[in-house]
1. So which residues in the stretch 315-334 are open to solvent by less than 40 Å² (accessible area, probe 1.4 Å), among the hydrophobic types (A, V, I, L, M, F, W, C) and more than 10 Å from Asn288 (Cα to Cα), if there are any at all?
2. Could you check Arg126 against (1) open to solvent by less than 40 Å² (accessible area, probe 1.4 Å); (2) under 26 Å from Tyr258 (Cα atoms) and say which number it fails?
3. In a helix (DSSP H, G or I) and over 22 Å from Glu337 (Cα atoms): is that true of Asn217 in this structure?
4. So, in the stretch 255-270, of the ones that are in a strand (DSSP E or B) and within 18 Å of Ser210 (Cβ to Cβ), which residue ends up least open to solvent (accessible area, probe 1.4 Å)?
5. Against the condition touching a residue at least 40 places away in the same chain (Cβ under 8 Å), of a type outside the set (A, V, I, L, M, F, W, C), within 22 Å of Leu132 (Cα to Cα) and in contact with a helix residue (DSSP H, G or I) (Cβ under 7 Å, 6 or more places away or on another chain), how does Pro112 come out, does it pass?
6. Against the condition over 18 Å from Thr155 (Cα atoms), in contact with a helix residue (DSSP H, G or I) (Cβ under 9 Å, 6 or more places away or on another chain) and surrounded by fewer than 12 Cβ atoms within 10 Å (Cβ to Cβ), how does Glu235 come out, does it pass?
7. Regarding the stretch 190-203, can at least one residue be identified that is acidic (Asp, Glu), out of contact with any His (no Cβ under 7 Å at 6 or more places or on another chain), within 25 Å of Gln317 (Cα to Cα) and at pLDDT below 80?
Amino acid sequence: MQNNFGKILIVDDSKINIVILTHMFDDENLSYELAMNGETALELLDSESFDLILLDIVMPKMDGFEVCKRVKSNPKTKNIPILFLTAKDATKDIVKGLEMGAADYLTRPYNPIELIARVKSQLKLRKADKALRRLIREKELLFREAHHRIKNNFTIISAILSMQSEQISDENSKSVLNNSRDRVLTMARLHEKLYSSATQDSINMKYYFSKIINDLNKGYNIEKKGIKIVEKIDEISIPSKLATSCGLLLNEIFTNAYKYGFPNGEKGKIEVDFHENSESEIVLRIFNDGVPISENINVLHEGDTLGMNMIGMLVQQIDGKITINNENGTEFKITFEKF
């Protein structure tokens, strides 16, 4: 029979209980299926769609608690609400059932009016929950499509900048275009990750940073020129609103390390370290053992190049703190709160 509420799975080994329930549900035009034991219930749940499980506890072979445990551990069925309907009225049993994930617990003898009200309430909540999940899925698809298109547009812009750079002989102009290309590609990588991510809330920085470093390495042939790249990037996810700034920080500092740390073809190394410290702060450290940076630079107030000004601006965007050490090379160390 069809109705506007949804379908119920009644799981009970007592024929008397089932007769009583089915008469009540027929009178209310509620749709249902029957299972006389836990094994049959799980088989039905695997093959059909249900909106509520009405579950007895005392049954042979597999009791209601075990059925509940299996239902809640199965991704396909974990969101189906369970209403325990049982003669077990001990507080410990009620608490156990609710702690296992049941939405409600009603003991026999019950008031038929109360039972119908609880059943309909759970079915209405289930209907609203399904609608909300469907809406979330639709929005996630829209977000992913948006990120995909943005990434593609960034990639096109990056390619145009690369082609334009190849047609320019002036080295300063060429450098400006290449730097702009790298910044655009860094933002494209973020949208690429967001498009492929199961969630839009956070970004795995190990994957994101490795992509940026790989792009820079290929673009400038860094390792082929004798500069070793050392990555010490932990599996840390941060909110996507912070990830863009962190990606651009990596791009600017890493590029400066390569260009100004090894100006005459010297060999050396660039280290990228990303971890969480003992104070639960996120630390981004980029070090190179080439020519040290000027002692007088202060990126937060008086950066003397576009790159340095960008570093200062990006650190402020994430409410971070930056220290620069020019002993035995150059170390940029940025710390910020994860949230």
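The values are calculated or read from the model by the stated rules, or taken from the named source; none is laboratory data. All values reported here derive from a predicted model rather than from experimental measurement. Backbone-built Cβ (ideal geometry, glycine too); neighbour counts: all protein chains shown. Only protein heavy atoms, including side chains, enter the accessible area calculation; ligands, DNA and RNA are left aside. Shrake-Rupley method; radii C 1.70, N 1.55, O 1.52, S 1.80 Å.
1. Answer for the stretch 315-334, where residues must be open to solvent by less than 40 Å² (accessible area, probe 1.4 Å), among the hydrophobic types (A, V, I, L, M, F, W, C) and more than 10 Å from Asn288 (Cα to Cα): Val315, Ile318, Ile322, Ile334.
2. Among (1) open to solvent by less than 40 Å² (accessible area, probe 1.4 Å); (2) under 26 Å from Tyr258 (Cα atoms), the lone unmet condition for Arg126 is (2).
3. Numbers: in a helix (DSSP H, G or I): yes; over 22 Å from Glu337 (Cα atoms): yes.
Criteria met by Asn217.
4. Ile270
5. No.
6. yes
7. Yes, some residue in the stretch 190-203 is acidic (Asp, Glu), out of contact with any His (no Cβ under 7 Å at 6 or more places or on another chain), within 25 Å of Gln317 (Cα to Cα) and at pLDDT below 80.
Quick grid of which residues meet (1) buried (at least 16 other Cβ atoms within 10 Å of the Cβ); (2) among the hydroxyl-bearing types (Ser, Thr, Tyr):
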site	(1), (2)
Ser73	no, yes
Lys76	no, no
Leu85	yes, no
Leu98	no, no
Leu106	yes, no
Lys120	no, no
Thr155	yes, yes
